[in-house]
1. Calculate the spin-label point distance for GLU183 paired with VAL109, positioning each point 7 Å from the Cα along the beta-carbon direction, and give it in nanometres.
2. Of THR170, MET128, VAL93, which is farthest towards the positive pole of the stretch 58-186's charge dipole, taken about the Cα centre with +1 and -1 on the beta-carbons of Lys, Arg and Asp, Glu respectively?
3. Within the stretch 145-219, list the trypsin sites (Lys or Arg not before Pro) lying in a DSSP loop whose Cβ has at most 10 other Cβ atoms in a 10 Å radius.
4. Non-local amide H neighbours of HIS37 (under 5 Å, H modeled in plane, Pro and chain starts lacking H): which ones?
5. Restrict the search to the stretch 1-88; then list the GluC sites (Glu not before Pro) that DSSP places in a loop and that have at most 13 other Cβ atoms within 10 Å of their Cβ.
6. Tell me, how many Å apart are the Cα centres for the stretch 1-68 and for the stretch 131-162?
7. For the stretch 1-78, state which trypsin sites (Lys or Arg not before Pro) are in a DSSP loop and have at most 15 other beta carbons lying within 10 Å of their beta carbon.
8. Based only on Cα atoms, what Rg/Rh ratio does the chain have, Rh being taken as Kirkwood's radius?
Amino acid sequence: MEFSKYFPIWNQLTPEHQSILSHAATLHTAKKGTIIHNGSVECTGLLLVKTGQLRAYSLSAEGREVTLYRLFDRDMCMLSATCMMNSLQVEIVFQAEKDTTLWIIPPDVYKGLMRESGPIAIYTSELMGTRFTEVMWLVEQIMWKSLDKRVAGFLLEETAIENTTKLRITHETIANHLGTHREVITRMLRYFQSEGMVSLSRGTVEITDEAMLAALTDA
């Protein structure tokens, strides 16, 4: 089954556990913009991305968003199945940033395999550690890094992801990723433009001096 090529520790599992996983996992497609998991009220299951891109973000009571991390091809996440962890309640939304194909593994099946399989238990612990590290890195960025550096870093990250210096992205989208207001992002981008680092047009931010942006993030 194609699933076996994507599950990270497939070859460490027993044939029985491989069979359980392959029969339980269901393949789904999600168009860009689709909400796949909506906070702790849902227990969707574990997500394993085949192709595409997902965004995990937190939503404040005032409706402000901030991106926690992203999932790309072959990435797996279990924070969309927090019902497996009684002591962990997190409000995370998962949304498709691009047309995405992914497997969803039912939480009850995976929880049972965690009890029976040492490799799955170890891998799950490492996976949780990785996601926790990513979120803590974000907290440090928000607390200690100025917004101009965060915006510059975000633009450079987007350039690497999209493999282009001409980003089709709105100021509102950037604000949602960084957990701030659109007006603040607009002012910052206009400043970048005045310094020759970017060129702005409707729905587009073009990087014109990548070295200056990189220097800003390192300053």
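What follows draws every value from the coordinates through simple rules; no lab data is involved. Nothing here was measured: the structure is a model prediction, and the numbers come from that model. When we count neighbours, we look across all protein chains shown, and the Cβ atoms used for this are built from the backbone with ideal geometry, even at glycine.
1. 5.0
2. Highest projection toward the positive end goes to MET128.
3. Numbers: sites: LYS145, LYS149, ARG150, LYS166, ARG168, ARG182, ARG187, ARG190, ARG202; in loops: LYS145, ARG168, ARG202.
Hits after loop and neighbour filter: ARG202.
4. PHE94
5. Numbers: sites: GLU2, GLU16, GLU42, GLU62, GLU65; in loops: GLU42, GLU62.
Here the GluC sites (Glu not before Pro) that fit, given the DSSP loop and packing criteria, are GLU62.
6. 23
7. Values: sites: LYS5, LYS31, LYS32, LYS50, ARG55, ARG64, ARG70, ARG74; in loops: LYS31, LYS32, ARG64, ARG74.
Answer in residue order: LYS31, LYS32, ARG64, ARG74.
8. Values: Rg = 19.3 Å, Rh = 18.9 Å.
Reported Rg/Rh (Cα atoms, Kirkwood Rh): 1.02.
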